[in-house]
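So the structure is just underneath, and the comments pick up after that.
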Amino acid sequence: METKHLKPGTIQKTINVETNDESKKFITLTLKANIYTVLDINPENVSIYTFKGEEGRFAISLKSQKYFDFKIKKIEIDNPKIKYTLDKPEDEKTMKEKGYALTIIAPPDFPVGNYNGKIKIKTNIKEMPEEEINYVINVQDLITVNPPNINLNVSKNIYKIISLEDIPVYENNFVESPVIGTLTQNKEAYVISSDEKFAQIRFESNKNGYVLLEKTKKI
């Protein structure tokens with residue numbers, strides 16, 4: 001059984017065994033196993049969230065329950081822009097309790113974007129000479145524009161008019177048509193439709209009519 005990626009802790013299994021004893025047909029057996037990893041990496045994944053122009057850091061502890069005096073031979077990161085520091089404890093007690101302190105660094109000049117990959121940790125432990133952990137780095141811009149692109153649909157249709165003076169509103173689109181109201185100076189009106197001379201507008205809440213475009217400002 002491979003136990004490389006099992007979490008440290010206790011595993012417990014219960015087994016029911018059938019017997020020929022009439023007074024006790026079944027015997028329950030409980031099996032317990034204490035699991036220790038040869039190299040304990042905590043946490044097992046690196047997640048750095050930072051902003052453009054700012055340094056991002058993430059700390060990891062590396063220790064062994066079996067080999068307190070193990071050595072880290074090399075750290076390899078698949079992205080050369082990502083830096084790291086590795087600090088070994090000064091005394092044996094700290095080595096047992098905390099182990100090595102590995103700090104992954106996303107430098108301030110890291111471009112905006114998402115990055116992921118692997119970090120290789122090489123040790124002198126025969127059972128585990130090399131271990132890999134994953135990293136995810138998210139670098140955001142200080143100002144985010146959403147959406148990044150603006151699309152404008154331009155129409156030749158008139159959307160709204162403003163009257164330049166008090167103008168009559170006709171029932172139909174010719175000046176001989178009956179006048180049904182007045183669009184006062186500087187008043188806005190939404191345009192329903194228009195031609196070269198007239199615009200059909202809603203000049204009251206429930207009333208439509210026509211005005212001469214030459215006496216209005218088009219929007």
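Bear in mind that the values in this text are calculations on the coordinates, not laboratory data. None of these values were measured; they are calculated from a predicted model. Neighbour counts run over all protein chains shown; Cβ positions are idealised from the backbone, glycine included.
Pick from N157, N116, N124: which residue has the top mean-square fluctuation in a GNM of the chain where Cα pairs under 10 Å get a spring? Answer for the Gaussian network model of the chain: N157.
Dipole of the chain computed with +1 at Lys/Arg Cβ and -1 at Asp/Glu Cβ about the Cα centre; of P147, F70, V169, farthest Cα towards the positive end is F70. For the stretch 108-217, GluC sites (Glu not before Pro) are listed when DSSP marks them as loop and at most 13 other Cβ atoms sit within 10 Å of their Cβ; the list is E127, E165, E171, E176, E196. Near K98, which aspartates and glutamates are there with a Cα under 14 Å away, not counting those fewer than 8 places off in the same chain? The reachable aspartates and glutamates, counting only those whose Cα sits under 14 Å from K98, are D40, D69, D87, E90.
When the chymotrypsin sites (Phe, Trp or Tyr not before Pro) in the stretch 116-204 are filtered for DSSP coil states and for at most 10 other beta-carbon atoms within 10 Å of their beta-carbon, the remaining sites are Y159, F174. A Cβ-based charge dipole, computed about the Cα centre of the stretch 160-218 with Lys and Arg at +1 and Asp and Glu at -1, lands at about 240 debye. In the chain, helical runs assigned H by DSSP with n ≥ 4 each contribute -39500 (n - 2.57); averaged across all residues and rounded to the nearest 500, the mean residue ellipticity at 222 nm is -500 deg cm²/dmol. Cα centroids of the stretch 172-199 and the stretch 81-159: 64 Å apart.
Under a point-charge model restricted to the Cβ atoms of Lys and Arg (+1) and Asp and Glu (-1), what is the dipole moment magnitude of the chain relative to its Cα centre, in debye to the nearest 20?
640
Among the trypsin sites (Lys or Arg not before Pro) within the stretch 147-219, those in coil by DSSP and having at most 11 neighbouring Cβ atoms inside 10 Å are K156. Cross-link pairs exceeding 23 Å between alpha carbons, from the set K96/K118; K32/K88; K66/K93: K96/K118; K32/K88.
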